[in-house]
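The values are calculated or read from the model by the stated rules, or taken from the named source; none is laboratory data. Just so you know, these numbers come straight off a predicted model, no measurement behind them. So basically every Cβ, Gly included, is an ideal-geometry build from the backbone, and we count neighbours across all protein chains shown.
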Amino acid sequence: MYTPRFNQIYERAVLLDAMRRYSFAILFGPQDAEGSLTATHLPLVVKDEGKHGLLEGHFARANHHWQALAGRETLVVFLGPHSYVSPTNYVEELSVPTWNYIAIHAYGKLVLVEDDGTKDALLAGLIATHEPAYGERWRAMPEGYRRAMLAGIMGFRITIERIEGKFKLSQNRAEQERMNVRATQAAGSADARELAGWMERLGISGTAKDD
């Protein structure tokens, strides 16, 4: 993706944290042998393994996108908060509106997980992430019911081989303008407030130049 240098984030811990926070991702890749592109929206579990991390999830078996992606490089997009930025935040009168946002593109080969035991482990990871208390209820369900549910999904793993982090947070503006943007967003929508938090966390201050 197009990413000016001052918007690039390389810190592994920051990228992993952002992917975990915004883990409802989009998988892009071919739909069929002709190469027609399609996308699937899925919740993922992000693990701190390997150079850039490991992604785990599952498709509904009826969604045949998994067949086309199996063994192929897949683009996984994590979209974080985004918010309008008014030019009234800027000192220079000749300024235009823009949009601040967080986006991460992760690339890696999608490997299918087909056996029930490992698929069950993938589900356990997803449950532990979002509703740990439900794990006991899932395990207590009749074996036949659980097997039927597992038969209806196709699990997968993606070891991230390449990653791009774009945190567009007004890094190219003067310090006073950044302070104005942060203050405005801190009083705005939920997304805007979250972006203000990221600006504080990343210590965005001073002046950056577009190079």
If I filter the range 59-73 for residues that are in a strand (DSSP E or B) and acidic (Asp, Glu), do I get at least one hit? yes
Test result for Val111, within 25 Å of the chain's Cα centre (by Cα) and under 19 Å from Phe59 (Cα atoms): yes
Helices (runs of 4 or more DSSP H) wholly inside the range 132-202 that include at least 2 residues being among the small types (Gly, Ala, Ser): 143-151, 175-186, 190-201
Can you name the condition, by its number, that Ser86 falls short on among (1) touching a strand residue (DSSP E or B) at 6+ places or on another chain (Cβ under 8 Å); (2) at pLDDT 95 or above; (3) polar (S, T, N, Q)? (1)
Under 28 Å from Leu44 (Cα atoms) and either at pLDDT 95 or above or surrounded by 14 or more Cβ atoms within 10 Å (Cβ to Cβ) (or both) - does that describe any residue in the range 168-182? yes
What are the residues in the range 103-131 that are out of contact with any strand residue (DSSP E or B) (no Cβ under 8 Å at 6 or more places or on another chain), of a type in the set (A, V, I, L, M, F, W, C) and either assigned to a loop (DSSP other than H, G, I, E, B) or crowded, with 16+ Cβ neighbours inside 10 Å (or both), if any? Ile127
Among residues of the range 13-46 being assigned to a strand (DSSP E or B) and in contact (Cβ under 8 Å) with a residue 40 or more places away in the chain, the residue surrounded by the most Cβ atoms within 10 Å (Cβ to Cβ) is Leu27
